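Trainee: This is the structure I have questions about; it appears just below.
Here, each number is a calculation from the coordinates, and none is a lab measurement. Model, not experiment: these values are computed from the prediction. Counting neighbours? That spans all protein chains shown, and the Cβs are built from the backbone with ideal geometry, glycine included.
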Amino acid sequence: MSAAATMPESASFSALRELFARRIAVLDGAMGSMVQTYNLTEADFRGTQFADYPHDLKGNNDLLCLTKPAVIEEIHAAYFAAGADIVETNSFSATTIGMADYHLEAIVTELNHAAVACALRAARAAEAATPGRRCFVAGAIGPLNRTLSMSPDVNRPDFRAVTWAGVVEAYTQQTRALIDAGVDILLVETIFDTLNSKAALFAIEGVFEEKKIRLPVMISVTITDASGRTLSGQTTEAFYNSIRHAKPFSVGINCALGGRAMRPYIEELSRIADCYITCYPNAGLPNAFGGYDESPADMAEIQREFATAGLVNMVGGCCGSTPPHIGAIADAVRGLPPRKPPVIPTALRLSGLEPLTA
């Protein structure tokens, strides 16, 4: 028997399985949309720790876990109060690659620890306010601002700004920090390059083996337009074939599209995936001013349609969504049964840009 087969599961595993079997779970909404409502300045992003830092830091939302932790904790608390079962840590870009733009690679571990601490404080407070309630914290692992599949230089198609080893190392450091700080779940999200996500999953498996513990892993891809493909060119089924070896707790779609445009791809995933299905779209497509126009009622109606059709196990929101959106979504799916993962016949399933089943 392999080491992976005998590796003990974390304490959160059984509680999360029970939740997903019993009802449709609710994820939080956007972090960035909420941060913008605070109208923070460069001085706010710097705090006292980085008051004299020689580079601009405004816009580095992950850094607020250190410099404005009360703001981040307050946002998490608002999502729990709205009805979320799970909040994501404010660590979307908290890797050495993500922080290189701000010359803050050296604080990545500290940053992830702080992000988890903010979310855990909000979770414990929400549980204390409602005895018997279980609130989960998912460690958010973003897609990076560099890609292994595509060249950033149209004149050099063979060039890559990062290497596989470098991406694995960055994700390994982040994963280790998130687990050490106490997350319940690891969420690899907003995937636009499957090779980057495979590096993340490879890193996660390595840390599991190192720590002799396995956490639930959620995977969420982003379909970038009506072509139904990721930015690196894969169809939904091809993407799932590429990552199903990781045996994810759930797979789903987030970001990029609004809920209505997401439906055919959620339907496809629901048909082919033998794990749970998650869906957390943007609040519609961005308007001319970079804002999002779907109201809480709009998002809730779409998510209720998905739930009524038996397509989803977890719903939530991405860009543009706020606690009122999450509250409306939670109300809309309450009492509706969760999707039951199908039994998928064994077959040889391969993938390039397209799937191949033999």
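Trainee: Under a cut-off of 17 Å between alpha-carbon atoms, report the lysines in cross-link reach of LYS198, not counting same-chain residues fewer than 8 places apart.
Mentor: Within the straight-line limit of under 17 Å, LYS198 reaches these lysines: LYS247.
Trainee: Can you compute the charge dipole magnitude of the range 3-357 about its Cα centre, using +1 on each Lys and Arg Cβ and -1 on each Asp and Glu Cβ, nothing else charged? Give it in debye, rounded to the nearest 20.
Mentor: 1020 debye
Trainee: How large is the helix-only mean residue ellipticity at 222 nm for the chain, computed as the sum of -39500 (n - 2.57) over DSSP H runs with n ≥ 4, divided by its residue count, in deg cm²/dmol to the nearest 500?
Mentor: Value at 222 nm, helices only, nearest 500: -13000 deg cm²/dmol.
Trainee: Which of the DSSP-defined H helices in the chain satisfy a minimum axial length of 30 Å, computed from C-alpha atoms, and a minimum mean Kyte-Doolittle hydropathy of 0.5?
Mentor: Membrane-span-like by this rule: 108-129.
Trainee: Is the C-alpha gyration tensor of the range 233-358 telling us rounded, prolate or oblate? Criteria: a/c under 1.5 is rounded; beyond that, a/b larger than b/c is prolate, otherwise oblate.
Mentor: oblate
Trainee: Below 10 angstrom from the Cβ of PHE45, what's the summed charge of the other residues (Lys, Arg +1; Asp, Glu -1)?
Mentor: Every neighbour counted, the sum reads 0.
Trainee: Over the range 127-188, consider all pairs of different Cα atoms and compute the Kirkwood hydrodynamic radius from their mean reciprocal separation; express it in Å, one decimal.
Mentor: Answer for the range 127-188: a Kirkwood hydrodynamic radius of 14.3 Å.
Trainee: Now a separate question. Assuming R0 = 35 Å, what is the FRET efficiency of THR308 and ALA70, from their Cβ-Cβ distance, to the nearest 0.05?
Mentor: 0.35
Trainee: Projected onto the charge dipole of the chain (+1 at Lys/Arg Cβ, -1 at Asp/Glu Cβ, origin at the Cα centre), which of VAL35, SER10, PRO152 gives the Cα projection farthest towards the positive end?
Mentor: SER10
Trainee: Name the residue from PHE92, ALA181, ILE272 whose Cα lies farthest towards the positive end of the charge dipole of the chain, charges +1 on Cβ of Lys and Arg and -1 on Cβ of Asp and Glu.
Mentor: Comparing the listed Cα positions along the dipole, ILE272 ranks first.
Trainee: What net charge do the residues around SER151 carry, taking every other residue with its C-beta under 9 Å from that of SER151, with Lys and Arg at +1 and Asp and Glu at -1?
Mentor: That sum, taken over residues with Cβ under 9 Å, equals 0.
Trainee: Arranged from highest to lowest average of other beta-carbon atoms within 10 Å per residue, in what order do the peptides 311-324, 93-106 appear?
Mentor: Ranking, from highest mean packing down: 311-324, 93-106.
Trainee: For the range 49-97, what is one quarter of the convex hull surface built on the Cα atoms, given in nm²?
Mentor: Approximately 4.2 nm², given one-decimal rounding.
Trainee: Which trypsin sites (Lys or Arg not before Pro) does the range 295-356 hold that lie in a coil by DSSP with at most 13 other beta carbons within 10 Å?
Mentor: Passing sites in the range 295-356 are ARG334.
Trainee: Can you give the local net charge around LEU201? Use residues other than it whose beta-carbon is closer than 11 angstrom to its beta-carbon, Lys and Arg +1, Asp and Glu -1.
Mentor: +2
Trainee: Additional query: What lysines sit close enough to LYS58 to cross-link, taking a C-alpha to C-alpha distance under 22 Å and skipping anything fewer than 8 places away on the same chain?
Mentor: LYS68
Trainee: Further question: Highest first, please rank the peptides 222-229, 240-247 by the mean number of other Cβ atoms sitting within 10 Å of their residues.
Mentor: 240-247, 222-229
Trainee: Taking the Cα centroid of the range 181-203 and of the range 48-100, what is the distance between the two, rounded to the nearest whole Å?
Mentor: Rounded to whole Å, the Cα centres lie 19 Å apart.
Trainee: Compute the distance in nm between two label points, each set 7 Å from the Cα along the Cα-to-Cβ direction, one at ARG134 and one at HIS55.
Mentor: 4.1 nm
Trainee: Shifting gears a bit: Under Stokes-Einstein, with the Kirkwood radius over Cα pairs standing in for Rh, what whole-number D in µm²/s applies to the range 1-124 at 37 °C and 0.692 mPa s?
Mentor: Roughly 204 µm²/s, to the nearest whole number.
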